[in-house]
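Beneath this line is the structure, given in structure tokens, with notes to follow.
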Amino acid sequence: MIALVRGDVAVRRPDHVVVDCGGVGYRLAVSAETLKHVPAAGKPAALHAHLVVRDDQLALYGFHSEEERDLFLMLLGVQAVGPKVALAVLSGGPPRELISAIAAGDAARFQAVPGIGKRTAERIIVELREKVADVPDGAAIAVSRGDDPARLARDGLVGLGFSLQEAQELLDAAPEGLSTEDLISHALKAARP
């Protein structure tokens, strides 16, 4: 895994930078927020990085801070949010402002991002609100991987036709410590009239 890229800026474009590291140029897709912190071509820079591996490509993403990279990883965990949409969200402001918007349930801020509609904005809020609510100023963001039973159950219920809000309300009524399957079963029983 490539976690940090340090070298001289060779190319600086609105959507990416190329950093020359010992004669090898690494192209990193960046948000507008990160681009503000990247110096002019020929100057030294260090960017935190995340490598996304797909069947047809390897894509490297660069970030000004670890906090921005951690928020990027959280956004990737949201259903229907890929790397390009996550970068577009990150272009909307500093990570702390975005975290505050998520915690406050400000879906309108995310709807203003190109490529994000009402449904995706609400999904970002619902799926990430709990994760960012307890992040004090200056503390690192804890990135949770996609193995949370409640999250998997919520995704399953949405796949069965429930709205995000209905799914969350059904899961909020379930007892603690259940597996994903038991949470879905409990929610389906509770949803019956």
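Summary of values
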{"quantity": "Count of residues meeting criterion [out of contact with any helix residue (DSSP H, G or I) (no Cβ under 7 Å at 6 or more places or on another chain), part of a strand (DSSP E or B) and either in contact (Cβ under 8 Å) with a residue 12 or more places away in the chain or among the basic types (Lys, Arg) (or both)] in the range 1-37", "calculated": "18"}
{"quantity": "Within the range 100-117, considering residues that are touching a helix residue (DSSP H, G or I) at 6+ places or on another chain (Cβ under 6 Å) and in a helix (DSSP H, G or I), the one surrounded by the most Cβ atoms within 10 Å (Cβ to Cβ)", "calculated": "102"}
{"quantity": "Any chance residue 132 is within 14 Å of the chain's Cα centre (by Cα), surrounded by 15 or more Cβ atoms within 10 Å (Cβ to Cβ), among the β-branched types (Val, Ile, Thr) and at pLDDT below 90", "calculated": "yes"}
{"quantity": "Count of the range 30-47 residues which are surrounded by fewer than 18 Cβ atoms within 10 Å (Cβ to Cβ) and either polar (S, T, N, Q) or touching a strand residue (DSSP E or B) at 6+ places or on another chain (Cβ under 8 Å) (or both)", "calculated": "8"}
{"quantity": "Candidates 54, 96, filtered to the one that is more than 24 Å from residue 121 (Cβ to Cβ) and modelled with pLDDT under 95", "calculated": "54"}
{"quantity": "Residues (farther than 13 Å from residue 98 by Cα and surrounded by fewer than 23 Cβ atoms within 10 Å (Cβ to Cβ)) located in the range 53-68", "calculated": "53, 54, 55, 56, 57, 58, 59, 60, 64, 65, 66"}
{"quantity": "Conditions (1) touching a helix residue (DSSP H, G or I) at 6+ places or on another chain (Cβ under 6 Å); (2) surrounded by fewer than 20 Cβ atoms within 10 Å (Cβ to Cβ); number of the one not met by residue 75", "calculated": "(2)"}
{"quantity": "Residues located in the range 175-186, provided they are modelled with pLDDT of 85 or more and under 27 Å from the mean Cα position of the chain (by Cα)", "calculated": "183, 184"}
{"quantity": "Residue among 153, 101, 88 that is outside the structural domain of residue 28 (by TED's automatic domain parsing), of a type in the set (A, V, I, L, M) and modelled with pLDDT under 90", "calculated": "153"}
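The values are calculated or read from the model by the stated rules, or taken from the named source; none is laboratory data. Just so we're clear, the structure is a prediction, and the values are computed from it rather than from any experiment. Note that we place each Cβ from the backbone using ideal geometry, even for glycine, and neighbour counts take in every protein chain shown.
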